[in-house]
Amino acid sequence: MANWKQIKAEDWKENIFHLLDKEWTLITAQRNDGSSNQMTASWGGFGILWGKPVAFLFVRPERYTHLFMTDDAKISLSFFDEAHRAALAYCGKHSGREGDKSEKAGLSPVSLPNGFPTYQEARLAISLKKLFQADMREEQFVEKEMLKFYQKDGFHTVYVCEILEINGR
Ligand SMILES: Cc1cc2nc3c(=O)[nH]c(=O)nc-3n(C[C@H](O)[C@H](O)[C@H](O)COP(=O)(O)O)c2cc1C
């Protein structure tokens with residue numbers, strides 16, 4: 001894709017609360033064998049850890065995407081204009097276990113110049129390298145009220161990923 005512009009993390013000006021909570025993102029994880037899956041996410045964050053710009057992702061073990069978050073996976077976050085809300089809603093409701101979601105959601109997978117996965121329709125794509133992961137456990141919750149989020153589905157796996165590149169249109 002010729003029309004991507006790299007943005008340095010320190011120059012990135014988006015409101016990340018609006019970006020995640022209101023716009024949502026599509027996590028795509030591509031394994032070494034080329035297979036991939038994607039899911040919508042709105043919980044997470046961006047910051048600095050170990051001297052690096054990082055993203056924090058929270059993926060429940062039930063998600064098919066969880067199987068694709070291998071140590072050597074090419075992980076990316078893709079962001080879209082409002083016109084693609086339905087595609088994100090689809091990828092947040094259906095599982096890749098049922099078939100190729102990107103096709104059904106009307107998204108066209110493409111590679112960034114660095115080989116990481118994103119979509120023709122995305123306006124912003126962030127390439128990530130996994131640095132750390134840990135599974136939440138009940139006894140770690142200081143505020144027990146938060147356990148209400150885990151009555152049905154499992155405790156999230158927390159991923160800390162280095163931001164390799166931010167690419168905007
Ligand atoms: C707006 C929105 C935000 C979501 N955020 C997350 C999230 O941060 N973490 C998570 O594990 N699931 C989240 N989900 C649920 C997954 O996207 C959903 O279960 C999806 O169908 C999983 O697909 P998969 O089985 O192909 O991985 C969210 C869903 C929506 C609609």
(message) For K8, give me every one of the aspartates and glutamates with a C-alpha distance below 19 angstrom, ignoring sequence neighbours fewer than eight places off in its own chain.
(response) E162, E165
(message) Please list, short to long, the whole-number percent of alpha-carbon pairs of region 97-159 in consecutive 5 angstrom bins beginning at zero.
(response) 3, 12, 16, 12, 13, 17, 13, 10, 3
(request) Hey, can you grab everything whose amide H is under 5 Å from the amide H of V54? Only 5+ residues off in sequence or another chain; H modelled, so Pro and N-termini drop out. (result) G47, I48, L49, I163
(request) Under 26 Å between C-alpha atoms is the cut-off here; go through region 16-168 and count lysine pairs that meet it, provided they're at least eight residues apart or on different chains. (result) 27
(request) Starting from the Cα of L67, move 7 Å in the Cα-to-Cβ direction to define the label point; list residues of region 25-41 whose amide nitrogen is under 16 Å from there. (result) 29-39
(message) Counting just the Cα atoms, what span does region 16-168 cover along each of its three principal axes? Round to the nearest Å and put the largest first.
(response) 42, 36, 33
(request) Please return the longest stretch of the chain lacking exposed loop sites, where GluC sites (Glu not before Pro) count only if DSSP places them in a loop and at most 12 other Cβ atoms lie within 10 Å. (result) 63-142
(message) I need the phi-derived Karplus couplings for region 3-11: 6.51 cos²θ - 1.76 cosθ + 1.60, θ = phi - 60°, integer Hz, Gly and Pro marked x.
(response) 9, 8, 10, 6, 10, 6, 3, 6, 9
(request) Please tell me the relative contact order of the chain in percent, rounded to the nearest whole number, where contacts are Cα pairs under 8 Å and at least six residues apart. (result) 29 percent
(request) Would you work out the relative contact order for region 1-97, in percent, from Cα pairs under 8 angstrom that are 6 or more residues apart? (result) 33 percent
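Read-outs: derived from the displayed coordinates by stated rules, not from any lab. Predicted model, so just to flag it, every value in this text is computed and none were measured. Heads up, the Cβs are rebuilt from the backbone with ideal geometry, glycines too, and the neighbour counts pull from every protein chain shown.
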